[in-house]
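Please read the structure below before turning to the comments.
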Amino acid sequence: MKTIRTVFGKEVRDNFRDRRTLISALLMGPLFGPILFAFVINLSLKQSLPDASQPLELPVIGREHAPNLVAFLESNNIVVVDGPESRDAAIAGVSRGDHDVVLVIPPDFGEDLAKLVPATIEVITDQANTQAERETRRARRALNAYNQELAGMRLVVRGVSPVIMRPLNIDEVDVSTPSGRSAILLGMMSYFFIFAILTGGMNLAIDATAGERERGSLEPLLCLPVKRDNLIFGKIFAACFFMAISLALSLTSFYVTLKFVPLQDLGMTPNFGIDVVPVAFLLLAPFALVGASLMTLVASFTKSFKEAQTWVSVVLLAPTMPILVVSILMVRPSTALMFIPSLSQHLLLVDLIKNEPLNPLHIAVSVIGTLAIGAILTWICARLYRREGLLG
Amino acid sequence: MIVVDNLHKSFGEVKAVRGVSFKAEDGRITGLLGPNGAGKSTTLRVLYTVLKPDQGIATIDGIDVVRQSLDARARIGTLPHGAGLYPHLTARENIAYYANLYGMARDGIDARVQEVIDALDIGDFADRRTKGFSQGQRTKVALARSLVHRPNNVILDEPSNGLDVMATRSLRDLIRRLKELGKCVLFSSHVMQEVAALCDEIVIIAAGQVAMHDSPDGIRERTGCDDLEEAFVKALDRVEPVE
């Protein structure tokens, strides 16, 4: 016990003086996630907000052939402007990206309407251009509304109720809460936290074997009259300590970032208040032991610090796999899934952010299961530390 | 006292040590001499317990290094080949870390660390971080670190490697002082002059076997060479080559 404490104390002091550890534990993890997140959210806000209050400028060719339609469009907050001189010019303009969408009204539009023949109207758009999608959708929605209105009027003229055209009344009931909607986007947050945990302890985990060996300090260390298990335990616990710091900073910086991201404009109010931060910390913290022992294990097979860094970066990606698979398959949280480290933390965090009640059994399985796997990996590290091949 | 009896150690196909036996007495300096790759480091590594012998017995003060490795380790101070320090810790912190790991009583550590700092004359840079230390400074700190628990046996693997003249001289002085204190000093080297200047006993190792074990004078006599270097070369010829 005294050995573990001595090694732990030395590693903590040593690494607080190491700029490499400080940058990765206290800067990289905690800042990388929130900044990337704020960037992505702001980008998608710009992309997808259907700002109906802003008038849409719609170029129309042949507006003189359909004055009623133009009046209808203008009453729907669409400003009709003169389009290019010809249909060909409009097609060229749209494909060049000069216009998002152009309406073409042929000269016989009014005549067809009067004859009750379906009157053609062309919507020229580039479906590959996602930027234009929003404008096109808005123009088409206005045209559909006009279509409905004309059809209704024709029925009324013939003494038929327009309601006859609507045999079904489709009513969608959306049960998602604003917090729930945010979970889809905020689901990616859990990976940032796991990433922050891992980067926090990365240098220490590598140092425990590859670093000590490269420096030549491993051999004298192994000559000391102490159990090697205790050396590795002290080192892994020190790594966990830095991981916990990194996680706490990361959660806090997210909490601050979310205050400045206008998520409510996207219809999201994530449950990520100051009271959620410590709960999230406790849910995620057990993963530190798995991360620390796994990275130590991987690093112990490598010859140098550089080689260890390469392989340990692979470990940084490994926790995304289960999260990715489950996100694609849309699997609901179950007790069995709680045995998988990183995935169980992800699922619990998503529920927490959705403000849904957490299943105590799930929490217990996640915490105990993750710690158990961490303990097994730590034990394997201790076994490897006893090998003489460790000296390389 | 260090006793090695019929030690064997192979790494895969390579037979590094093939039946090495010798005895290093307390109050004497024993030099392990041999060309590169002769099996010196492997023998020492078995003694300070980071390698397990395939065959044979090694004891430190009568304690078996394999079966009671923790007790054996407590009785030796080791300076392995190229012993590294922790660059972010000061020399004093490096030494104190080891003192703690040796299980020394906490309240006695500061005084004892100061004692070895004075003994090795490293007070000038004891409170600087060891990053950027010269090889001589590093060796002294590593040595201080391995002596902090007052071991009865001291094992040094090529300690003078990379040291300049002055550093080598002060290292020799220190080794002599350890002898005066009645310690058992065992060190390896491939430099004939160094071994001749220091040792009471010389164990010449070649191709994993003991070629000759005697005092410097005894070796001169047995090979019929006045020059120790000549004697060394002659002694090596007696070893059968590895099959």
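A simple spin-label model places the labels of residue A:108 and residue A:1 9.7 nm from each other, with each point 7 Å out along Cα-to-Cβ. Rolling a 1.4 Å probe across the protein heavy atoms gives the protein assembly as shown an accessible surface of 47 Å² per residue. Note on residue A:39 and residue A:383: with the Förster distance fixed at 51 Å, the Cβ-Cβ geometry gives a FRET efficiency of about 0.70. Length gained on full extension, residue A:156 to residue A:358: 67.2 nm, using 0.36 nm per residue less the C-alpha separation. When only Cα pairs below 8 angstrom with a gap of at least 6 residues are kept, chain B shows a relative contact order of 27 percent.
Only helical DSSP H runs with n ≥ 4 go in: add -39500 (n - 2.57) per run for the protein assembly as shown, normalise by residue count and round the 222 nm mean residue ellipticity to 500 deg cm²/dmol. The per-residue figure over the protein assembly as shown is -17000 deg cm²/dmol.
Note on the range B:111-243: lysine pairs with Cα distance below 30 Å, sequence gap of 8 or more or different chains, count 4. For the protein assembly as shown, a simple Cβ point-charge model (Lys and Arg +1, Asp and Glu -1, everything else neutral) yields a dipole of about 1560 debye relative to the Cα centre. Label separation (residue A:335 vs residue B:215): 8.1 nm, computed from points 7 Å beyond Cα along the C-beta direction.
Peptide packing: for A:328-338, A:122-132, the average count of neighbouring Cβ atoms within 10 Å per residue gives the ranking A:122-132, A:328-338, highest mean first.
About the Cα centre of the range B:84-150, what is the dipole size in debye to 20, counting +1 per Lys and Arg Cβ and -1 per Asp and Glu Cβ, all else neutral?
Here the range B:84-150 has a charge dipole of around 280 debye.
For the range A:283-328, a/c is not less than 1.5, where a ≥ b ≥ c are the root eigenvalues of the C-alpha gyration tensor, and a/b does not top b/c. That puts it in the oblate class. When the Cα positions of A:40, A:27, A:125 are compared along the charge dipole of the protein assembly as shown, A:27 comes out farthest toward the positive end, with charges on each C-beta of Lys, Arg, Asp and Glu. Using only side-chain charges placed at the Cβ, +1 for Lys and Arg and -1 for Asp and Glu, the dipole size of the range A:56-165 relative to its Cα centre rounds to 540 debye. Ranking A:299, A:343, B:196 by how far each Cα lies toward the positive end of the dipole of the protein assembly as shown (charges on Cβ) leaves B:196 at the top. At an R0 of 35 angstrom, the distance between the Cβ atoms of residue B:115 and residue B:5 translates into a FRET efficiency of 0.50. With all protein chains in place and a 1.4 Å probe, the accessible surface of the protein assembly as shown carries 58 percent carbon and sulfur. For residue A:2, a cut-off of 21 angstrom between C-alpha atoms picks up these lysines, skipping any fewer than 8 places away in its own chain: A:10, A:227, A:235. Between B and A, buried accessible area from a 1.4 angstrom probe totals roughly 2800 Å², ignoring ligands, DNA and RNA. Taking label points 7 Å from Cα along the Cα-to-Cβ direction, residue B:64 and residue A:188 give a separation of 6.2 nm. For a modelled paramagnetic label at residue A:147, 7 Å from Cα along Cα-to-Cβ, the residues of the range A:77-108 in reach, with backbone nitrogen under 17 Å, are A:102-106. Taking the DSSP bridge list for chain A and keeping only pairs wholly inside it, about 35 percent are antiparallel. Applying 1/(1 + (r/R0)^6) with r as the Cβ-Cβ distance of residue A:307 and residue B:197 and R0 = 45 angstrom yields a FRET efficiency of 0.60.
For the charge dipole of the range B:38-127, defined by +1 on Lys and Arg C-beta atoms and -1 on Asp and Glu C-beta atoms about the Cα centroid, which residue among B:109, B:49, B:96 has the Cα displaced farthest towards the positive pole? Of the candidates, B:49 comes out farthest on the positive side. Where in the range A:339-373 is the amide nitrogen less than 19 Å from a point lying 7 Å along the Cα-to-Cβ axis of residue A:317? Label zone hits: A:342-343.
The values are calculated or read from the model by the stated rules, or taken from the named source; none is laboratory data. From a predicted model like this one, the values you see are computed outputs, not experimental measurements. Using ideal geometry, Cβ is built from the backbone for each residue, glycine included, and neighbour counts are taken over all protein chains shown. Keep in mind that these areas ignore ligands, DNA and RNA; they rest on the heavy atoms of the full protein, side chains included. Shrake-Rupley method; radii C 1.70, N 1.55, O 1.52, S 1.80 Å.
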